[in-house]
Amino acid sequence: MTVADQGINDAILDATMKALERWGVERLTINDVCEVAKISRATFYRAFPGGKEVLLEALRVRETETFFATLRAHAEGETTLEDTIVRCMVVATTELRSDNNIALMLAAEPNEVLSQLTVQGVPRIVRVATAYLTPLLEPYLSRKEAANLVEVLSRMVISYFLAPSQQFDFTKESHARAFVRAHITINQGAMQ
């Protein structure tokens, strides 16, 4: 893919985000995306020959990768396992809660969003989270332990995002740290 092609793809994906905010997944059409992106249908289909489903999957992949790249950038400077885990929990939860697109989609089409954050989407989320975050934990844990911990943390943050707890608000460092200290006991020596 050339730089120009990537630019067109990104413009179409950006337009898709705007169109989704306006029309939602069920009512979204290719014409809507083309109108927002100010492109022809031919240009659209050259970029996304599979149509709406391929477009939506490309958008999910891009947004997931962007999310975890942001998360990793925020956690890279931490110097202990506990601090790294806490930073990941706080940043992930804060990013999810402040994502206007997710909020709009949850209000308009909760079943679609819940599906993408649970049954259908969790394997992708865990796969991308593992790729981005396992290296941050490897100084403290084996690769397998790090990958397992990333999976558990990913599932837990999604769960606490979808059903907030009165006891633990993971947007607050003190709450995340208390949770980690009380419930994550893997390799306690590394946690100090």
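The values are calculated or read from the model by the stated rules, or taken from the named source; none is laboratory data. What you are looking at is a predicted structure, and each value in this text was computed from that prediction instead of being measured. Cβ placement follows ideal geometry from the backbone for every residue including glycine, while neighbour counts extend to all protein chains displayed. Ligands, DNA and RNA are excluded from the accessible area calculation, which covers all protein heavy atoms including side chains. Shrake-Rupley method; radii C 1.70, N 1.55, O 1.52, S 1.80 Å.
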Notebook entry, point to check: How many percent of the alpha carbon pairs in the chain exceed a separation of 19 Å?
Noted result: 62
Item checked: Relative contact order, percent, the chain [alpha-carbon distance under 8 Å, six or more residues apart] -> 22
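Using heavy-atom solvent-accessible surface (probe 1.4 Å) with all chains present, what is the largest-first order of Arg62, Arg97?
Solvent-accessible surface, decreasing: Arg97, Arg62.
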Notebook entry, point to check: Could you name the aspartates and glutamates in cross-link range of Lys172, using Cα to Cα under 20 Å and dropping any fewer than eight places away on the same chain?
Noted result: Glu76, Glu78, Glu82, Asp83, Glu95, Asp99
Next item on the list: For the chain, give the magnitude of the charge dipole about the Cα centre (Cβ charges: +1 Lys/Arg, -1 Asp/Glu; no others), in debye to the nearest 20.
Entry: 180
Checklist line | Partners for Lys18 among lysines (Cα-Cα distance below 28 Å; same-chain residues under 8 apart left out) | finding: Lys38, Lys52
Item checked: Glu145 accessible area, assembled protein chains, probe 1.4 Å, Å² -> 70
Notebook entry, point to check: Counting only protein heavy atoms and using a 1.4 Å probe, what share of the accessible area of the chain belongs to carbon plus sulfur, as a whole percent?
Noted result: 54
Check: Given the convex hull over the Cα atoms of segment 84-141, what projected area results after averaging over all orientations, in nm²?
Finding: 4.4
Note to self: Run the helix sum for the chain: -39,500 (n - 2.57) per DSSP H stretch of 4+ residues, divided by residue count, reported at 222 nm to the nearest 500 deg cm²/dmol.
What the structure shows: -25000 deg cm²/dmol
Next item on the list: Please give the solvent-accessible surface of Phe48 in Å², to the nearest 10, using a probe radius of 1.4 Å with every protein chain present.
Entry: 10
Next item on the list: Only Cα pairs under 8 Å and at least 6 apart count here; give the relative contact order of segment 1-91 as a rounded whole percent.
Entry: 21
Checklist line | Whole-number accessible area per residue in Å² for the chain, which is evaluated in the context of all protein chains at 1.4 Å | finding: 53
